[in-house]
1. In percent, what relative contact order does the range A:3-120 have, based on Cα pairs under 8 Å that are 6 or more apart in sequence?
2. Suppose we keep just the DSSP beta bridges with both residues in the range A:3-120; what percent of those would be antiparallel, to 5?
3. What 222 nm value per residue comes from the helices of chain B, counting each DSSP H run with n ≥ 4 as -39,500 (n - 2.57) and dividing by all residues, nearest 500 deg cm²/dmol?
4. Among residues other than B:Glu364 whose Cβ falls under 14 Å from its Cβ, what is the net charge (Lys/Arg +1, Asp/Glu -1)?
5. Can you list the lysines whose alpha carbon sits under 18 Å from that of A:Lys68, skipping same-chain ones fewer than 8 residues off?
6. For chain B, with only Lys/Arg (+1) and Asp/Glu (-1) charged at the beta-carbon, what is the dipole magnitude about the Cα centre, in debye rounded to 20?
7. Express in whole angstrom the spacing between the alpha-carbon centres of the range B:453-477 and the range B:52-124.
8. Toward the positive end of the charge dipole of the protein assembly as shown, about the Cα centre and with charges on Cβ (Lys, Arg +1; Asp, Glu -1), which of B:Ala275, B:Val765, B:Pro111 goes farthest?
Amino acid sequence: MPLKIVVEPSDPSTIALVGRLDSTTAPELDAVLDRVLGSSGKARLAFDLSQLEYISSAGVRCIVRARKAIEPRGGKVAVLNPQPPVRKVLDIVKAIPHGSIFKDVAELDDYLDAMQKKVRDGE
Amino acid sequence: MRDATTATLRRWPRAAVFRSIRGRLLFSILLVAIPIYAGALYMSYQATQSRLEDRAERDADELAARLAAGMDAVIRPIEGGIRTVAAQLEEIDPPRSQYPARIRGILAAWPDVYGSTIAVETGGSGASTQPVAPYLFRRADAIAYSDLALDSYAYRELPWYRRAADSRQPVWSLPYFDAGGGETWMVTYSVPFFRKVPDDGRVLAGVVTADLDLRWLRKTAGSVPLGPAGMGWLASPQAAQTLVTPIGATADRINNFDTALDTEAIRHAGEQMLARKVTLTLLPPDVSAQPAYLAVRNLQTLDWRLMLLLPQAELLADAHALLRRQLWLGAAGLAVLIAAISLVAAAISRPVHALADAVGTASEDNLAFRLPDWQRRDELGVLTDALRRMRDSLQKHIRLRAESLAAEARLEYELQIAASIQQSMLPKNQSAAVPAAVQVAAALLPAKQVGGDLYDYFDSGEHLLFAIADVSDKGIPAALCMARLSALLKMLAVTDPSPDRLLRELNVRFEQDNDACMFVTLGCGLLNVRTGKVLYASAGHEPPLLRARDGTVRQMDVENGPAIGIESVALYPLVETYLAPGDTLVVFTDGVTEAAAQDGSQFGTDRLAALLSDSGDGAPDALVRRIVAAIAANGFRASDDLTVLAISLSPSTVTAHQTELGTNWHMELEISPAGVAQAQLWLRAILAARDVTPDQISEVELIAEELLTNVVRALQTRGGAGGLSLDCAVTPAELVLTVRDDGPQFDPLAHKSPELDSPIDDRDVGGLGIVIVRRLADRCRYARVDGRNVMEIRLHRTRN
């Protein structure tokens, strides 16, 4: 089962993953991430996992690498709507903090707005 | 009559003569004719004999009368002559001196007279008182004279005178022996003569006599013809001595007579007959030992008896000869009758025989028998004509039948060719036609030469497409329909082999030209050889049976669409299932399950399932053979076409075997990500086929990926050589994965787990796989066995 990586043209910081993210397909995601992350630093990167059926440690490594690339600079990597098997794996390896798991993009954006407001208010 | 004959014939069935009409005709006619003939002959014999006897008797009687008359005729003239002389004497009354002349006249006139005298009456009113009696007689050749009046010859007292004088009638004397005179026996005829007296009276004047020598009588009698038979005598009336003179040839015949004759007794019998006035009688046996008739007559002249003795045998000789002739004629007639009947019978039976001969040779093989070509109008002609018509008609029918048989044979031949064409339309069981990891076996047994069942399978990339179909009929129409379906199936499968869409499209196309309103049940499946996934859709067909490696058999859960050809548009739900390596999928037509035994029971799905379950392994060809054999062996006869197709997945690098607890699959893996991916596919197939929950399947896949990926990476650093295997055991309670590799010792569990809670900057990317494995598995164990790393993972099976 291959992996389909969908980058919304309207929202380039959301990558939808369809299918399986395993040791075979993870290199594809790596290539895309290299492209996406190679450009100017991203503020946020969201992985839409609503159509991801399967993730293995290779896939987790992709996400972790993405976090390593973005979060130290203050960005955020979010995971959207993971399916229960995928969620379970993410939880096992604590790939992503619970706070970074959202239902959908709207929720993420709301959160980010709220955070920014908080930051602005806190200053 | 016929019954009697038939009854008789039944008692003698073996007699050859009675087998033919001729013989029986002859027998029955003769059975009647001979008694009638013999009876008639007998009665005729009797009648003829009595009549001939009567005639013979009459003849004898008449002969006697004739003989008597004959004798009289000889004697009477003498009487007449003497009486004439007496009358002359009476008339003329010549002087006595003329007497000698007159006497001489007598002697001269009748040479048979020996002597004669005229003796004068002296007493009474006699003319003369002096006796005068001149007597002349023959002596030697002369006439001698003797005077009877001389001496004291009182001639008037002598009988010859006295009798005539007293009776005043001519009278013959009894025979006497003339001692002084002729020295021989004599009889004398004495005739009185008279003289008239004035008062118109007549007084005796004298007696004229004539002496007859009896030798003459004897001679006369002897010359009388007696006739061809018999003996006769003349006998003088009773006296002191009776003279008997034989008549005719009697003297000779007496010698020839069989028995001694007592002539005296005969004469006595004759006298008695005369006394009773009987002229003919059959002598009693004491008189004549040989039966003989005696005819008696009295001479009118001499008062002598004429006796005729006629032996009955001689008398009846004629009659007997006549009868014998009759008998011979009768026999000849009978022979002619037999011959005639025989000829007639032959004439009747010969044509019958000819007909029987001609037709008798007729048999199943020989119907061209020759019939006689006569032109008869009798019953035989009718029979012959009928037989001729029958024979011709039979020959015609046989010819027509032969033609029809030839046509049938041709049709049979064409059907055989059609059957072989149909056989060749089925996929050949060549290993090149199917993917390597798949084993296929099939059997198709049409109920007639050609049938309406179909199975097909073909390699479609890394898929095997298989189909089984059953047309709603059998024979030629079904076969034609099936050929069309097969072509459509192959054509459509090329463009879109997904079973649900394939059936939908097939239905549309098939229904378009389905004028014969045949419908087809069809099951179609697509087996992915790599993943073991089976997509299946069914148009009214019996669901397939799935046999697990351990022998459990279940029916695939199929939702059927309508049979092909009924609805113009129909949808067919797609069913998905997995075939683990070592499992077998069996599709079949209802010819299998509905094969009927002699007691009416059907083979049935349960029996089929049990048979699959009992088979040692799930190898398709063994299963198919067993199914076909079971149907034939138990006396089940397929009334419908019978088809079965068995498919098993058996990749070369996967072996499945049974343990006490369950099934274990052993997979030899390629040391590469592709090998890992294939292992995952097999695991999915195995677990899905065993109803493991989808979530648990994913977990197992994940565990396998993590473990195997690590091993592969480790081995690949050594150049990719070595062996890597994965065992998956499925029991009702748990799943056990065992990874074995022959790389250098490495215990993944011994290594320190990464810090998951570190900040992202410090997070270590590696080692996450084991974390996952440890968390997902219920038990992990590592061992180093025989130079191999053995990693065992156990999971409790979750239920939905």
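1. Values: 172 pairs, mean separation 27.3, N = 118.
Rounded, it is 23 percent for the range A:3-120.
2. Numbers: 5 of 19 bridges.
Of all bridge pairs located within the range A:3-120, approximately 25 percent are antiparallel.
3. Values: 18 runs with 338 residues, N = 800.
-14500 deg cm²/dmol, from helical runs alone.
4. Values: positive: B:Arg391, B:Arg401; negative: B:Asp365.
Summing Lys and Arg as +1 and Asp and Glu as -1 gives +1.
5. Hits, sequence-local ones excluded: A:Lys42, A:Lys76, A:Lys94.
6. Numbers: 80 positive and 96 negative charges, 1039 e Å.
The calculation lands at about 4980 debye.
7. Answer, in whole Å: 158.
8. Highest projection toward the positive end goes to B:Pro111.
Readers should treat all values here as calculations from the given coordinates under stated rules, not as data from a laboratory. Remember, predicted model here, so these are calculated numbers, not experimental data. Neighbour counts run over all protein chains shown; Cβ positions are idealised from the backbone, glycine included.
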